[in-house]
Amino acid sequence: VIKRAIHTTADFDYADNLVFSDHAVTKGIEALRAGCDIVTDTQMAKAGINKTILASLGGEVHCFMSDPDVAAEAKARGVTRAIVSMERAAQLPKPCIFAIGNAPTALIRLYEMMQKGEIHPNFIIGTPVGFVNVVESKELICQSSVPCIVARGRKGGSNIAAAVCNALMYQVTRTQKSGK
């Protein structure tokens with residue numbers, strides 16, 4: 001996972017700022033093997049996730065950010081599309097992995113819904129990039145009981161969220177080929 005993040009960005013800081021909850025890689029792989037879908041907060045992350053491998057595991061990628069009804073609801077309520085997207089994801093029938101690479105409000109809303117028992121993610125990848133609420137949103141996820149991989153600090157991005165997803169999926173395919 002760390003090698004893929006560094007390869008994606010040419011930034012060796014990921015060797016230090018990627019943090020893993022206990023047994024995170026194993027739990028991420030188990031979630032993928034169980035056929036979890038992946039929900040992301042950007043079309044860019046969705047484009048970067050290997051959908052062929054994910055489909056072979058029984059999953060698909062969802063991103064609600066560009067849906068016209070999500071934009072309309074967000075505008076009507078005076079909230080971000082990321083908030084409405086997480087609420088939409090809570091309605092999905094399958095267990096999900098959340099790969100959030102852009103919107104700290106997505107992580108914050110996800111955390112709030114987890115606290116209320118409205119959503120039960122199988123795994124969270126928290127890599128929003130930027131300044132406003134970025135560090136705070138990632139720390140909320142680190143404090144949760146959900147297995148996670150988080151890029152601490154201000155660095156991250158959709159490319160890192162996709163890279164972490166792909167690294168986990170490639171590990172699944174490697175272990176399947178070796179019979180483990």
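At a glance:
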| quantity | calculated |
| --- | --- |
| The listed residue being open to solvent by 30 Å² or more (accessible area, probe 1.4 Å), of a type in the set (Asp, Glu) and under 20 Å from Asp22 (Cα atoms), out of Glu87, Glu139 | Glu139 |
| Positions within segment 112-122 being touching a Cys at 6+ places or on another chain (Cβ under 7 Å) and within 15 Å of Asp41 (Cβ to Cβ), in sequence order | Pro121 |
| Condition broken by Glu60, with the remaining ones in (1) acidic (Asp, Glu); (2) touching an Asp or Glu at 6+ places or on another chain (Cβ under 7 Å); (3) open to solvent by less than 80 Å² (accessible area, probe 1.4 Å) satisfied | (3) |
| Test: residue in segment 44-55 that is over 23 Å from Ala89 (Cβ atoms) and either part of a helix (DSSP H, G or I) or among the basic types (Lys, Arg) (or both) | no |
| Inter-residue pairs, beta-carbon under 7 Å, first open to solvent by 10 Å² or more (accessible area, probe 1.4 Å) and in segment 26-40, second part of a strand (DSSP E or B), 6+ apart | Lys27/Phe123 |
| Conditions (1) of a type in the set (A, V, I, L, M); (2) open to solvent by 10 Å² or more (accessible area, probe 1.4 Å); (3) in contact with a strand residue (DSSP E or B) (Cβ under 9 Å, 6 or more places away or on another chain); (4) in contact (Cβ under 8 Å) with a residue 60 or more places away in the chain: number failed by Ile97 | (2) |
| Residue that is nearest to Met44 (Cα to Cα), among those in segment 131-180 that are among the charged types (D, E, K, R), at pLDDT 95 or above and in contact with a helix residue (DSSP H, G or I) (Cβ under 9 Å, 6 or more places away or on another chain) | Lys155 |
| Which numbered condition Ser21 fails, given (1) open to solvent by 40 Å² or more (accessible area, probe 1.4 Å); (2) among the polar types (S, T, N, Q); (3) in contact with a Pro (Cβ under 9 Å, 6 or more places away or on another chain) | (1) |
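The values are calculated or read from the model by the stated rules, or taken from the named source; none is laboratory data. Every value quoted in this text rests on a predicted model; they were computed, and no experiment measured them. In this analysis, Cβ positions are derived from the backbone assuming ideal geometry, glycine residues included, and neighbour counts consider all displayed protein chains. Each accessible area value is taken on the protein alone, full model and side chains, heavy atoms only, with ligands, DNA and RNA left out. Shrake-Rupley method; radii C 1.70, N 1.55, O 1.52, S 1.80 Å.
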